[in-house]
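Here the structure comes first, spelled out in structure tokens, and everything after it is commentary.
Just so it is clear, none of the values below were taken in a lab; they were calculated from the coordinates. Since this is a predicted model, take the numbers as computed values, not measurements. Virtual Cβ from ideal backbone geometry, glycine too; neighbours counted across all protein chains shown.
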Amino acid sequence: MSDRELYCDTCEGVQLFEVPPCVDDHGVDCPELVCTGCGAAVLIATFAFRAPRLARRSRPSTHRRAA
């Protein structure tokens, strides 16, 4: 089991959290954690976002036209 100290909203303080036995075979990378003080469960979720593609912009003309 992997242990971490995190803030627990229920205990209103920093508590030791541990990874419960994981049935999904995540091992120590399991996103589920349980507070050892009160038993509250938290889910650690990470997201990977691709960088958005910027639309091509036309550059303003640097040439001035005669009036």
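Odds and ends about this structure:
- Full-stretch length increase - Thr10, Ala45 - with 0.36 nm per residue and alpha-carbon distance subtracted: 10.6 nm
- Listed peptides 34-44, 18-28 appear in the order 34-44, 18-28 once ranked by packing, highest mean of other Cβ atoms within 10 Å at the front.
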